[in-house]
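See below for the structure under consideration.
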Amino acid sequence: MNNIALFGYGTVGKGVRELIDRNPLFHLISVFDRKEKEKELGSLLITSIDEIINDKEVDTVVECLGGDSLSYEVIKKALKNGKNVVTSNKETVSIHLKEYLSLAEEYRVSFEFEASVGGGIPLIYPLSIQKDFDEIYEIKGILNGTSNFILTKMQDDGMNKEDAILLAQEKGFAEKDPTADLEGLDMVRKGNILASIVSKKEIDNIDIPHFGISNINPQIIKEILRLGKTIKLVTDIKFQNDGLSIVICPFAISPENPLSTIKNEYNGVMIDGEYQEPLTFIGKGAGKNPTASAILQDLIRIEKKIPYPYQKITEKIKVKPDLKGTYLLFKADTLKAVNNPTFKQLKDADFICKME
Ligand SMILES: NC(=O)c1ccc[n+]([C@@H]2O[C@H](COP(=O)([O-])OP(=O)(O)OC[C@H]3O[C@@H](n4cnc5c(N)ncnc54)[C@H](OP(=O)(O)O)[C@@H]3O)[C@@H](O)[C@H]2O)c1
């Protein structure tokens with residue numbers, strides 16, 4: 001029996017509780033959240049972090065608070081107190097992965113984060129195994145359900161951006177302020193985590209260029225559809241001899257590419273390696289049930305004593321964005337195709353799209 005303490009009883013935390021309650025391998029013994037949750041949680045609610053962390057009965061901490069500062073405190077204290085940690089929090093993982101893995105090794109516990117990228121898609125674990133026997137060349141993924149939902153509604157149903165955002169908010173796929181999703185910031189964190197696992201290097205989020213879809217409009221969509229392509233916001237990670245490239249940007253994708261079939265709130269990731277030729281993972285990238293399922297995958301691996309022994313993250317690496325290729329640059333009402341643009345040319349445009 002694995003005794004669990006859950007931090008954060010929101011969308012994901014509630015899903016985790018439901019799955020733990022129906023699984024005899026686990027026992028939820030405490031939940032950290034605000035005092036207002038007492039009605040729902042009764043005696044499970046504990047509002048002191050230290051009381052939970054110092055509880056010798058707790059084997060594993062599941063962190064679903066979000067943000068970085070409090071989560072960092074909780075995760076660090078838990079690992080140092082000999083607790084396994086499972087988290088869905090891409091923000092804190094993308095910033096502190098090196099430290100978390102090294103604390104987990106030092107205190108002989110597990111640190112697992114499958115739910116932090118791709119929601120319910122089992123991705124981090126298979127990628128961690130593949131990178132040990134294969135040479136991974138490229139990871140290309142649609143890793144943000146909000147932006148993909150909005151792009152799908154605009155391209156398939158002819159909606160304008162504002163209505164597509166409203167619909168995404170009504171369905172619970174978009175936050176009140178969707179800027180971080182539309183600008184690709186969420187995908188920066190996820191790209192960082194995937195690239196760190198494969199390269200075993202520390203990467204700063206700030207070094208990863210991102211070009212979002214905030215300025216997309218029906219005219220741009222019309223141009224891309226006229227070319228027989230679909231626009232997708234893509235995280236493109238290339239492991240090259242001359243350095244690691246990560247770029248988040250809209251791609252004009254051909255119908256033959258499996259990523260063109262990833263619609264609405266779904267995520268899709270393609271991993272291209274020397275031996276395992278393109279593998280495509282598809283699933284729901286967010287939401288209560290998919291995300292909680294990924295957390296349970298981690299908990300079960302810990303319980304069955306098959307957690308993945310992630311290698312140490314070593315030195316810091318500076319990302320060298322590969323901007324080679326043909327891009328469509330939209331500025332005011334003009335459209336220009338540019339081969340191998342400079343970073344400045346891309347930043348100066350209202351909207352850019354890489355041609356596949
Ligand atoms: N939702 C998804 O589909 C999804 C998918 C993948 C990953 N994730 C990640 O999973 C994490 C949790 O997401 P979520 O959607 O479940 O968030 P959420 O619904 O906002 O839940 C977070 C919970 O933690 C509580 N909390 C935060 N700060 C607190 C504090 N200082 N003291 C006490 N309680 C505090 C919140 O209470 P208040 O609301 O009162 O602040 C809330 O109940 C995030 O890192 C997110 O990025 C989410």
(request) Would you mention how many residues in region 151-185 are closer than 23 Å to Asn289 by Cα, touching a Phe, Trp or Tyr at 6+ places or on another chain (Cβ under 8 Å) and buried (at least 17 other Cβ atoms within 10 Å of the Cβ)? (result) 3
(message) Return the residues of region 87-135 that are under 14 Å from the mean Cα position of the chain (by Cα), surrounded by fewer than 24 Cβ atoms within 10 Å (Cβ to Cβ) and aromatic (Phe, Trp, Tyr); say none if nothing qualifies.
(response) Tyr125
(request) Only residues that are farther than 17 Å from Phe149 by Cβ, touching a helix residue (DSSP H, G or I) at 6+ places or on another chain (Cβ under 9 Å) and of a type outside the set (Lys, Arg): list them for region 219-244, please. (result) Ile224, Leu225, Asp236, Ile237, Phe239, Leu244
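Which of the following residues is open to solvent by less than 50 Å² (accessible area, probe 1.4 Å), farther than 26 Å from Lys304 by Cα, touching a strand residue (DSSP E or B) at 6+ places or on another chain (Cβ under 6 Å) and within 15 Å of the ligand (Cβ to nearest atom): Leu6, Leu45? Steps first, answer last, please.
Working: Leu6 fails: farther than 26 Å from Lys304 by Cα.
After applying the criteria, what remains is Leu45.
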(request) Residue by residue through region 308-356, note down the ones that are among the β-branched types (Val, Ile, Thr) and in a loop (DSSP other than H, G, I, E, B). (result) Ile313, Thr314, Ile317, Val319, Thr342
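Can Ser260 be described as over 21 Å from Lys90 (Cα atoms), of a type outside the set (Asp, Glu) and not in a loop (DSSP other than H, G, I, E, B)? I'd like the intermediate steps shown before the answer.
Values: over 21 Å from Lys90 (Cα atoms): yes; of a type outside the set (Asp, Glu): yes; not in a loop (DSSP other than H, G, I, E, B): yes.
Considered against the rule, which asks whether it is over 21 Å from Lys90 (Cα atoms), of a type outside the set (Asp, Glu) and not in a loop (DSSP other than H, G, I, E, B), Ser260 comes out as yes.
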(request) Could you please give the count of residues in region 23-38 that are open to solvent by 30 Å² or more (accessible area, probe 1.4 Å) and within 13 Å of the ligand (Cβ to nearest atom)? (result) 5
(message) If I ask for residues that are within 16 Å of the ligand (Cβ to nearest atom) and in contact with a Lys or Arg (Cβ under 9 Å, 6 or more places away or on another chain), which ones from region 86-110 would you list?
(response) Lys90, Glu91, Val93, Ser94, Ile95, His96, Tyr100
(message) Checking Lys14 against (1) under 24 Å from the mean Cα position of the chain (by Cα); (2) open to solvent by 50 Å² or more (accessible area, probe 1.4 Å); (3) without any contact (Cβ under 8 Å) to a residue 60 or more places away in the chain, only one condition comes out false. Which one?
(response) (3)
(message) Which condition from (1) part of a loop (DSSP other than H, G, I, E, B); (2) crowded, with 20+ Cβ neighbours inside 10 Å is the one that Ser293 breaks?
(response) (1)
(message) Name the residue that is surrounded by the most Cβ atoms within 10 Å (Cβ to Cβ), counting only residues in region 48-57 that are away from the ligand (no atom under 11 Å from the Cβ) and within 17 Å of Ile75 (Cβ to Cβ).
(response) Ile52
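Counting only residues that are among the polar types (S, T, N, Q) and modelled with pLDDT under 95, how many does region 265-288 have? Write out each step before concluding.
The first filter runs over region 265-288 and keeps only residues among the polar types (S, T, N, Q), leaving 267, 276, 280.
Now narrow it down to the ones that are modelled with pLDDT under 95: 276.
Residues that pass the stated criteria total 1.
Could you check, for region 129-142, whether at least one of its residues is acidic (Asp, Glu), outside any loop (DSSP other than H, G, I, E, B) and within 16 Å of the ligand (Cβ to nearest atom)? Even if it seems obvious, please write down each step before you answer.
Just the residues of region 129-142 that are acidic (Asp, Glu), to begin with: 132, 134-135, 138.
Next, only the ones that are outside any loop (DSSP other than H, G, I, E, B) stay: 138.
If we keep only those that are within 16 Å of the ligand (Cβ to nearest atom) as well, we get none.
Within region 129-142, none of the residues are acidic (Asp, Glu), outside any loop (DSSP other than H, G, I, E, B) and within 16 Å of the ligand (Cβ to nearest atom).
Regarding Val247, is this residue open to solvent by less than 40 Å² (accessible area, probe 1.4 Å), within 20 Å of the chain's Cα centre (by Cα), within 16 Å of the ligand (Cβ to nearest atom) and closer than 18 Å to Asp186 by Cβ? So that I can check it myself, show each step before the final result.
Working: open to solvent by less than 40 Å² (accessible area, probe 1.4 Å): yes; within 20 Å of the chain's Cα centre (by Cα): yes; within 16 Å of the ligand (Cβ to nearest atom): no; closer than 18 Å to Asp186 by Cβ: yes.
So Val247 fails the test.
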(request) Can you tell me which residue among Ile237, Ile193, Ile231, Ile216 is of a type in the set (Val, Ile, Thr), assigned to a loop (DSSP other than H, G, I, E, B) and touching a residue at least 24 places away in the same chain (Cβ under 8 Å)? (result) Ile216
(request) Could you check Leu299 against (1) surrounded by fewer than 16 Cβ atoms within 10 Å (Cβ to Cβ); (2) in contact with a strand residue (DSSP E or B) (Cβ under 9 Å, 6 or more places away or on another chain) and say which number it fails? (result) (1)
(message) Checking the structure you have, find out if any residue of region 67-74 is away from the ligand (no atom under 14 Å from the Cβ) and open to solvent by less than 30 Å² (accessible area, probe 1.4 Å).
(response) no
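The values are calculated or read from the model by the stated rules, or taken from the named source; none is laboratory data. Because the structure is a prediction, the values reported are computed rather than measured. All Cβ positions, glycine included, derive from the backbone under ideal geometry; neighbour counts span all protein chains shown. Surface accessibility is based on the protein's heavy atoms, side chains included, excluding ligands, DNA and RNA. Shrake-Rupley method; radii C 1.70, N 1.55, O 1.52, S 1.80 Å.
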